Amino acid sequence: MTAPDIERATAPEDGTGVERATAPEDGTGVERTTAPEDGTGVERATAPVVTPDTVPRPAPGAPEFLAGALDGIKVLDLTRFLQGPYATRILADLGAEVVKVERPGGEWDRRLRQAPDGYAGFFTGLNRGKKSIAVDITTPEGRDIVKALARECDVVVENFRLGVMEKLGLGYDTLRQENPGIVYAAASGYGPLGPRAKEPMFDMVAQAVSGLSDFVRTPDGAPRLASRGMADSAGAVFLAMGILTALLAKERTGRGQRVDGSLVGSCLAMHTAEVTIALHGDEVKRTQGRVTSTSGAFRCGDDRWIVIGATDQKVWHGLTAALGRPDLRDDPRFEKSRIRERHRDVLEPVLEEIFLTADRDTWVERMRDNGVPVAPVNTFVEAARDPDVLANGFVVEQPDATWGTVRTVGSPFLLSATPARVGDWTPELGADTRDVLARLGVPQDRIDALVADGVVEQARPAHAPSESPRATEEVGKA
């Protein structure tokens, strides 16, 4: 996460002196999973558009898989903030059973960036489809619960500062004694091996260390963030990739392993081509404004913007046709792309003036009619209405205990035989504490004692979506 106004917690509130990983931006969670058990009968939560009936079907004679690709995989999620919860949510979307462990009272994520009406979109978007158990892992009883969960899980994911899990007696070497086949995923800011491995990390710090903030400097030379949460999000995707790789290796070898992900490494990996180019000549070719004179954003006559990509010669000809300016195509100063860039100071002002003569939608239509890659510059809300976004299930609805249904981001990729699922609602804090402990064989009287002692916390039962207060209120308004 990237919010600079959120103070990092550096120690648990129970005064045990065990420092918790607290950087909102370095929150990274890794889950461990075992080979899928081919489970059937698992109901898929269907998105408004992408359902088992609308995704491509397996070839004739191929086995039918209606459960998620990771059905049967169990993940113990000890992460918070963005990178870790997003990584484990990816696994949950793919069918894994993810048990999220939070401290009693809840992690900061639940209150982070709440809307005035109390809607916690940050937490909701990153934790759907998980189970929630509230456990004080700084107590001996709480640590015993984590160990018991690790024994039955395939993956453990955590994003504490390096060394904290070892101080708690829950590090990789300890947990693999409890479960030799475990995939143990740890996320950090700098990575586990360097001199600053134990330092805290925020998303914006990772962008600076990796060179990304320099690469996207403003035209006046000021460094900036490429995007809020860029490092965290990239780190989540690579962390999930590392977990999936370790699970595949375990299926082949029977052996678990440790997976380490980092924000800095993920930022560099996301810009492999640009970094490699820079390292050849020790020179950074920054992108400021438009990529080329004919590729980038242009303001239209209605004060809205479009982005076009006219880099090759064929598209350049299409652009001049869309603009109604064949003279630009025939001008020797603009004949080839490299020549155009030498006369960029002449061409760009001409294009800017032309685009101001019509509104955005008119230009989008003209560009598409002439084969020019084009898009309106959308807000997130506008993007969520895009017909291609909806058709592919990139934005979906999910049930919510308070709000009835909420809109959020779906899976960015489609699987024809084992499609991702939206999942159940985002859990209330401790919603599954009693059920999870009972599954571990803890007697009910012992669970009652743990609740009374504050070692665990159990939420009141969540409402079904159709019975939620918000849903009832909306029905009453209708």
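So if each residue of separation counts as 0.36 nm, and I subtract the Cα-Cα distance between Asp303 and Ser227, what length gain in nm does that give?
Length gained between Asp303 and Ser227: 25.1 nm.
Can you tell me how much longer the chain between Ala449 and Asp369 gets when fully stretched, taken as 0.36 nm per residue apart minus their C-alpha distance, in nm with one decimal?
21.8 nm
What ranking do 395-405, 430-440 get when scored by the average of other Cβ atoms within 10 Å per residue, highest first?
Going by the mean number of other Cβ atoms within 10 Å, highest first, we get 395-405, 430-440.
Using unit Cβ charges (K, R positive; D, E negative) and no other charged atoms, how large, in debye to the nearest 20, is the dipole of the stretch 64-142 about its Cα centre?
240 debye
How many percent of the accessible area of the stretch 251-343 is carbon or sulfur, using a 1.4 Å probe?
C and S atoms contribute 50 percent here.
Calculate, for the stretch 120-162, the solvent-accessible area per residue in square angstrom, rolling a 1.4 angstrom probe over the heavy atoms of the protein chains.
24 Å²
Starting with the highest mean, order 257-264, 269-276, 223-230 by the number of other Cβ atoms within 10 Å, averaged over the residues of each peptide.
Packing order, densest peptide first, comes out as 257-264, 223-230, 269-276.
Please tell me the relative contact order of the stretch 167-278 in percent, rounded to the nearest whole number, where contacts are Cα pairs under 8 Å and at least six residues apart.
Contact order relative to length: 36 percent.
Just tell me which lysines come within less than 17 Å, Cα to Cα, of Lys336; anything on the same chain fewer than 8 places away is out.
Output for Lys336: Lys314.
Modelled label-to-label distance, Asp282 and Val377, 7 Å Cα→beta-carbon offset: nm?
So the label points at Asp282 and Val377 sit 3.7 nm apart.
How many angstrom lie between the Cα centre of the stretch 268-341 and the Cα centre of the stretch 179-201?
Here the two parts' Cα centres lie 40 Å apart.
At R0 = 25 Å, how high is the FRET efficiency between Ser295 and Ala269 if r is their beta carbon distance? Nearest 0.05 is fine.
Plugging the Cβ-Cβ distance into 1/(1 + (r/R0)^6) gives 0.55.
Just order 191-202, 110-121, 310-321 by mean Cβ neighbour count inside 10 Å, highest at the front, would you?
310-321, 191-202, 110-121
Once you place label points 7 Å from the Cα toward the Cβ at Ser416 and Thr218, how far apart are they in nm?
Reported label-point gap for Ser416 and Thr218 is 4.9 nm.
State the percentage of accessible surface on the stretch 89-209 attributable to carbon and sulfur atoms; use a 1.4 Å probe and exclude ligands, DNA and RNA.
Answer for the stretch 89-209 is 51 percent, counting heavy atoms of protein chains only.
The values are calculated or read from the model by the stated rules, or taken from the named source; none is laboratory data. Everything numeric here is computed off the predicted structure, so don't read it as measured data. Glycine gets a Cβ as well: all are built from the backbone with ideal geometry, and neighbour counts include every protein chain shown. Note: areas computed on protein heavy atoms with side chains; ligands, DNA, RNA excluded. Shrake-Rupley method; radii C 1.70, N 1.55, O 1.52, S 1.80 Å.
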